[in-house]
Amino acid sequence: MFIGEYTFKVDSKGRVSIPALFRRELEEGDPEAKATGRPRMVIVYGADTQKMLQVYSYEGFQKLAAEINARPYTDPRRAILQRLVLNKAHPTEIDPDGRLVLPATLRGRLTLEGEAYFAGMGETFEIWKPETFAVVDAARMEKLLAEMGEDFDPLSLLGGEG
């Protein structure tokens, strides 16, 4: 499971270290990682309005792709998912130094320079420009607290109501 938050430097070639705990999860999620020593992953960059990169383990993305492809051809949601997930995906792998090389096109989408913020999201993790994450997260929290109240307990969402 991808959990926690981390910030790492991005060099001029787009190389950024992947958090060690995330590397272990990526290794677990790629059956060929033990043989190659370079776990594979898939970065989904989605719609132009998406402000972050969503990263899946290799097996996690294979399951997602299978779910999308299992939808009926006549389902308009299948076409949307194919366009915004399958078509907007970048397969890659961890380099021997435990880094991810983000192509210039993906860095450009986020205006990512200097640092990258990693947000563990359970089955996936996200890569953000730190300043963008701070703004988006603050707005989400403000809205949530306005709806739920200042003494809101996030674990109350597990109760099943809602």
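The values are calculated or read from the model by the stated rules, or taken from the named source; none is laboratory data. All values reported here derive from a predicted model rather than from experimental measurement. As a convention, Cβ positions derive from the backbone with ideal geometry for all residues, glycine included, and neighbour counts pool all protein chains shown. Heavy atoms of the whole protein, side chains included, go into the accessibility calculation; ligands, DNA and RNA do not. Shrake-Rupley method; radii C 1.70, N 1.55, O 1.52, S 1.80 Å.
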(message) If D30 meets every condition in (1) touching a residue at least 24 places away in the same chain (Cβ under 8 Å); (2) open to solvent by 50 Å² or more (accessible area, probe 1.4 Å) apart from one, which number is that one?
(response) (2)
(request) Only residues that are open to solvent by less than 60 Å² (accessible area, probe 1.4 Å) and either assigned to a helix (DSSP H, G or I) or in contact (Cβ under 8 Å) with a residue 12 or more places away in the chain (or both): list them for region 67-78, please. (result) I68, R78
(message) Tell me which strands (runs of 3 or more DSSP E) are completely within region 80-143 and hold 1 or more residues being over 17 Å from F2 (Cα atoms) and open to solvent by 60 Å² or more (accessible area, probe 1.4 Å), or say none if there are none.
(response) 89-93, 99-101, 115-120
(message) On the basis of being touching a helix residue (DSSP H, G or I) at 6+ places or on another chain (Cβ under 6 Å) and more than 22 Å from Y117 (Cα to Cα), does I68 make the cut?
(response) yes
(request) Collect the residues in region 14-27 that are under 15 Å from the mean Cα position of the chain (by Cα), open to solvent by 50 Å² or more (accessible area, probe 1.4 Å) and more than 11 Å from T124 (Cα to Cα), keeping them in residue-number order. (result) L21, R23
(request) Check whether at least one residue in region 150-162 is part of a strand (DSSP E or B) and open to solvent by less than 80 Å² (accessible area, probe 1.4 Å), and report yes or no. (result) no
